[in-house]
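Chemist: Quick one: structure below, then a few questions.
Where a number appears in this text, it was derived from the coordinates with a stated rule and is not lab data. This structure is a prediction, so every number in the text was calculated from the model and none was measured. Neighbour counts are summed over all protein chains in view; Cβ atoms, including those assigned to glycine, are modelled from backbone coordinates with ideal geometry.
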Amino acid sequence: MAASALLLAALAVFVAAVAAAALDTSPVPFDAGYAALFGGDNLVRSPDGRGVTLKLDRYTGSGFVSKAAYRHGFFSASIKLPGDYTAGVVVAFYLSNWDEHPKNHDELDFELLGNRRGHGWRVQTNMYGNGSTSRGREERYLLPVDATVAAAHRYAIAWTPNNVVFYLDGVPIREVVRVPSMGGDFPSKPMSVYATIWDGSNWATDGGKYKVDYAYAPFAAEFSDLVLSGCHGAAEECQVDLLTHDVAVMAPAKRAAMRGFREQYLTYTACRDRVRYKTTVFPECDDLADGGSTFHEWGESKKTRRRSASPLLYSSRMQ
Ligand SMILES: *[C@@H]1O[C@H](CO)[C@@H](O)[C@H](O)[C@H]1NC(C)=O
């Protein structure tokens, strides 16, 4: 009797815990979660206060930053990118603590890279941990939309103590699973959330071949549906909610969707780049099932459209 009562009590606690595993992923008004970072009048709040437009002109880009820093969480934004000629333009949605830890910062990135007219935007993801800037873990993908269709797309990052999942329109496109041999390379310190638009002429489009042309300025990126479901401080409950939430759990169907996306749209991965990384081993990389045969030795996919005869530049200091 006593044992079954105990079991019931334990079950009740368990059910309560599961019921509480409801991370609030509803969007917040811009001013509730974010503040302007730079760019003055080039940051324009939407009339309903729920979004913001970031513009780049010949004088300045613009950006915003979360009011709080978070240790793990789920962060997302819908972004409508500028059309027409956008070569050299970079729109970034990312987490970083570079301001607090310039020598050993953590970072998780979405970088959207503009292109010439008729060529689609590229999507790049990246991760740094504890100042691992000599080990950029870039991946690039085609944005799977017709560039002439000016639609917003949703970019999301789930960051837990165990993994990072990047989402595009709800589809997981990359998971980085934390493994012990990564050491500090996996982000572990609180980070703020940033969004910026800036001139990346020297690297963003075909390794800097095509630069920003200000005849097409201003370049405007519209942000909406801002989700900031981050954990503060050492709130254990929040970490548990996050770890058990759909956004962090890679169920088999999600894994299959991710594989499908990557087969079709992945154009480059540092995991397969033996030119740039002759000796560096990324311990999280060995789950690529292809054995390397579908990639050139400089990390570009043989299947997707993008071709280049030499390694490209992969990043540049943000802001
Ligand atoms: C992170 O970097 C700092 C300073 O370089 C170092 O003292 C610390 O041990 C590193 N932490 C990890 C987990 O590698």
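Chemist: Which FRET efficiency, nearest 0.05, do Leu243 and Val179 yield, Cβ-Cβ r, R0 22 Å?
Modeler: The calculated FRET efficiency here is 0.85.
Chemist: Here's another thing I want to ask about it. I need Trp198, Trp203 ordered by Cβ neighbour count within 10 Å, fewest first. It would help to have the intermediate numbers written out before the result.
Modeler: Numbers: Trp198 24, Trp203 17.
Placing the least packed residue first, the sequence is Trp203, Trp198.
Chemist: I want the local charge near Ala220. Using Cβ-Cβ distances under 9 Å, sum +1 for each Lys or Arg and -1 for each Asp or Glu among the other residues.
Modeler: Values: positive: Lys55, Lys80; negative: Glu222.
Neighbour charge sum, excluding Ala220 itself: +1.
Chemist: Would you please classify the overall shape of the stretch 122-241 from the alpha carbon gyration tensor, given that a ≥ b ≥ c denote the square roots of the eigenvalues, rounded means a/c under 1.5, and beyond that prolate means a/b larger than b/c while oblate covers the rest?
Modeler: The shape class here is prolate.
Chemist: Calculate, in nm to one decimal, what Ala215 and Tyr59 gain on full extension: separation in residues at 0.36 nm each, minus their alpha carbon distance. Kindly include the intermediate steps, with their values, before the conclusion.
Modeler: On the way: separation 156, 0.36 × 156 = 56.16 nm, distance 1.29 nm.
So the chain would gain 54.9 nm between Ala215 and Tyr59.
Chemist: Bin all alpha-carbon pair distances of the stretch 154-209 at 10 Å intervals from 0 and give each bin's fraction as a whole percent.
Modeler: Pair shares across the bins are 18, 33, 37, 11.
Chemist: Additional query: Provide the net charge surrounding Tyr59, with neighbours chosen by a C-beta distance below 14 Å and charges set as Lys +1, Arg +1, Asp -1, Glu -1.
Modeler: Taking every other residue near Tyr59 into account, the sum is -1.
Chemist: Take the alpha carbon gyration tensor of the stretch 210-276, find the square roots of its eigenvalues, order them as a ≥ b ≥ c, and report rounded if a/c is under 1.5; if not, report prolate when a/b exceeds b/c, else oblate.
Modeler: The shape class here is oblate.
Chemist: Go through the stretch 159-171 residue by residue and turn each phi into a ³J(HN,Hα) via Karplus (6.51, -1.76, 1.60, θ = phi - 60°); whole Hz please, and just put x for glycine and proline.
Modeler: 10, 10, x, 10, 7, 10, 10, 9, 10, 10, 6, x, 9
Chemist: Here is a further query. Ranking request for peptides 22-32, 242-252, 122-132, 166-176: highest mean number of other beta-carbon atoms within 10 Å first, then the rest in descending order. Write down the numbers at each step before the final one.
Modeler: Values: 22-32: 14.3, 242-252: 16.2, 122-132: 21.4, 166-176: 19.5.
Ranking, from highest mean packing down: 122-132, 166-176, 242-252, 22-32.
Chemist: Taking amide H atoms as placed 1.01 Å from N in the peptide plane, list the residues 5 or more away in sequence, or in a different chain, whose amide H sits under 5 Å from that of Phe295.
Modeler: Here the answer is Lys302, since their amide H atoms fall under 5 Å of that of Phe295.
Chemist: Tell me, what is the percent relative contact order of the stretch 22-300, built from C-alpha pairs under 8 Å that lie six or more residues apart?
Modeler: Relative CO of the stretch 22-300 lands at 27 percent.
Chemist: Next question, about the same structure. Add +1 for every Lys or Arg and -1 for every Asp or Glu among the other residues with Cβ under 13 Å from the Cβ of Arg137, and state the total.
Modeler: -4
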